[in-house]
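The values are calculated or read from the model by the stated rules, or taken from the named source; none is laboratory data. Just so it is clear, the structure is predicted and the values come from calculations on it, not from any experiment. Cβ: placed from backbone, ideal geometry, glycine included. Neighbour counts: every protein chain shown. We work out accessible area using only protein heavy atoms, side chains counted, and drop any ligands, DNA or RNA first. Shrake-Rupley method; radii C 1.70, N 1.55, O 1.52, S 1.80 Å.
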Amino acid sequence: MLLPLLVLGGAGFAWVYFSLDGNLKTVDIEAELGADRPPEVDNGSMDVLVLGSDSRQGDNGRYGKDVGSARSDIAMIVHVHAGNEKASVVSIPRDTLVSRPQCMGRSKIRPAAERQMFNTAYEVGGPACAVKTAEKLSGLRMDHYVEVDFGSFKTLIDALGGVPITTTKAIDDPKSHLKLAAGTHRLDGEQALGLVRTRKSVGDSSDLGRIQLQQAFMKALMEEIKGVGVLNPKKLYGLADAATKTLTTDSGLGSVMSLASFGNRLGGIGSKDMNMITLPIDYDAKDPERVIPLKDQSELLWMSLRMDKPIPPTVTENSAGDKVDAGKVVKGG
């Protein structure tokens, strides 16, 4: 979900985007974050919390019941390493049980709580609570916050003209409304949204398999966006228009020029330069419908990123997510 930002950078068309400032939605979360945060680290790296919101209001209602608030159906911590040539992306399963810090939510203080699903932080206290929870989990200070919702995601994919992927086996998932035969396809927005929501028909039918599909699709999306290039300014502008309507960001990224500068920083990172993993977890002994971080592996993971080091391959050993092979079902077309 960070990938729309790449449309705005690296192409040399930042001057065009002044007219798109009105598309952006921003949230000022600094005051709510307070002073109890991980320290700022001046080592040239950057950390961004990226959420995919699963609000079921309006057109999104077909994907489930509207319960009056949204949850973070997709959650990733993106660590851009110093030098801006590589990035590490850690997907956090939405059902991960974590310690949620005290947050302000719906005009009242929500006390800290243990064994809370990660995605409920957004539901309880919005973006600021999601950031605080991610920081408590990782010990990383988030430099920025980016959010994409279901409907806007579809619009971006359609503006791009679809994304090519190859399925190694048929997918038929009534929950996500996706039906694909084995083979190569160019997914439109509706199909792409179905793919990143699919879980019942792949892997072990859990959120872990869905995360692997999301990661595979994101890499295909990255390559498709980069392929637009500067030779098609009309399409590039259309993508920028769709992307800026797609995003909600923190106030630090609240202008198109800020996004363009951010995109320029990320512009040299390709899909092969992104190490994408799932937080090392195991199923919770008390509730097998939930997962918990593996202590030693998680500590090694977060320590590596705090020190701006590559993630050691050993962090996923014995992780439940590493035993799911849904990612092999999809690859870039």
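The condition (being among the small types (G, A, S) and touching a Leu at 6+ places or on another chain (Cβ under 6 Å)) is satisfied by just one residue among A159, A216, A182, A192: A159.
Restricting attention to the stretch 19-49 and to residues that are assigned to a helix (DSSP H, G or I) and either touching a Pro at 6+ places or on another chain (Cβ under 9 Å) or within 28 Å of A82 (Cα to Cα) (or both), the residue that is modelled with the highest pLDDT turns out to be L33. Of these, K272, K309, which one is part of a loop (DSSP other than H, G, I, E, B), among the charged types (D, E, K, R), out of contact with any Cys (no Cβ under 9 Å at 6 or more places or on another chain) and open to solvent by 60 Å² or more (accessible area, probe 1.4 Å)? Selected residue: K309, the only one of K272, K309 that is part of a loop (DSSP other than H, G, I, E, B), among the charged types (D, E, K, R), out of contact with any Cys (no Cβ under 9 Å at 6 or more places or on another chain) and open to solvent by 60 Å² or more (accessible area, probe 1.4 Å).
Take A112 and tell me if it is small (G, A, S), closer than 26 Å to E40 by Cα and within 18 Å of the chain's Cα centre (by Cα). No; evaluated as a whole, the condition is false for this residue. Screening A260 with (1) part of a helix (DSSP H, G or I); (2) over 19 Å from K86 (Cα atoms) gives one miss only, at (2).
Here the stretch 251-269 is the region considered, the condition is being surrounded by fewer than 16 Cβ atoms within 10 Å (Cβ to Cβ) and touching a Phe, Trp or Tyr at 6+ places or on another chain (Cβ under 9 Å), and the residue that is modelled with the highest pLDDT is G252.
In this structure, does K331 turn out to be more than 19 Å from I92 (Cβ to Cβ), free of Cβ contacts under 8 Å to residues at least 12 places away in the same chain and open to solvent by 30 Å² or more (accessible area, probe 1.4 Å)? Against the criterion (more than 19 Å from I92 (Cβ to Cβ), free of Cβ contacts under 8 Å to residues at least 12 places away in the same chain and open to solvent by 30 Å² or more (accessible area, probe 1.4 Å)), K331 does not qualify.
Annotation: of all residues in the stretch 126-171 being part of a helix (DSSP H, G or I) and of a type in the set (K, R), the one that is most open to solvent (accessible area, probe 1.4 Å) is K136.
Within the stretch 213-248, being open to solvent by 30 Å² or more (accessible area, probe 1.4 Å), under 18 Å from V78 (Cβ atoms) and modelled with pLDDT of 80 or more holds for K219, E223.
Reported count of residues in the stretch 91-111, each being part of a strand (DSSP E or B) and touching a Leu at 6+ places or on another chain (Cβ under 6 Å), is 1. On the basis of being aliphatic (A, V, I, L, M) and surrounded by fewer than 22 Cβ atoms within 10 Å (Cβ to Cβ), does A82 make the cut? In short, yes.
Reported count of residues in the stretch 94-126, each being farther than 24 Å from I281 by Cβ and not aliphatic (A, V, I, L, M), is 8. Whenever a residue of the stretch 287-301 is closer than 23 Å to T120 by Cα, its partners that are charged (D, E, K, R) and open to solvent by 50 Å² or more (accessible area, probe 1.4 Å), lying with C-beta atoms within less than 7 angstrom and at least six residues away or across chains, give the pairs V291/D282; I292/D282; L294/D282.
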